[in-house]
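This report concerns only the one structure given below.
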Amino acid sequence: MNWNYYSLVSKDLPRTNNAVKRWHNCFTSILNQCHPSIWKFILALKKEENTNKIKIEQYIAGECPPPTKHTQHKIGRASCR
């Protein structure tokens, strides 16, 4: 485990796995159950895949993703790259 945050911050990398936790919470809310059947799990994966395909197409078309709390506080990130 890397305890040196300076190298992460200097490369503009996240210091935590909060994005993974955020995705997991969102995905489990799609499932809406503690122990779903394999079929419900597959349907949830397909829904997640379709959502990501739409986001990728929007990004390729030049649309900016909605700002997050993290990017709102950074200076100089007013437009998409």
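A straight Cα-to-Cα reach below 19 Å connects Lys46 with the aspartates and glutamates Glu57, residues fewer than 8 places away in its own chain not being considered. Between the beta carbons of Ala61 and Tyr6, assuming R0 = 35 Å, the FRET efficiency works out to 0.40 to the nearest 0.05. If you take all other residues with their beta carbon under 12 Å from the beta carbon of Ser29, and give Lys and Arg +1 and Asp and Glu -1, the sum is +1. Based on the Kirkwood radius over alpha-carbon pairs, what value in µm²/s does the Stokes-Einstein equation return for the translational diffusion coefficient of the range 27-71 at 25 °C and 0.890 mPa s? Result for D is 199 µm²/s.
Looking at the range 1-54, the trypsin sites (Lys or Arg not before Pro) that sit in a DSSP loop and have at most 10 other Cβ atoms within 10 Å of their own Cβ are Lys11, Arg15. When Leu8, Leu43 are compared by accessible surface with a 1.4 Å probe, the order from highest to lowest is Leu43, Leu8. Of the whole protein surface, Trp23 contributes about 110 Å² of accessible area at a 1.4 Å probe radius.
The values are calculated or read from the model by the stated rules, or taken from the named source; none is laboratory data. Because the structure is a prediction, the values reported are computed rather than measured. With ideal geometry, Cβ positions are generated from the backbone for all residues, glycine too; neighbour counts draw on all protein chains shown. Ligands, DNA and RNA are stripped out before the accessible areas are found, and what is left, the full protein with its side chains, is counted by its heavy atoms. Shrake-Rupley method; radii C 1.70, N 1.55, O 1.52, S 1.80 Å.
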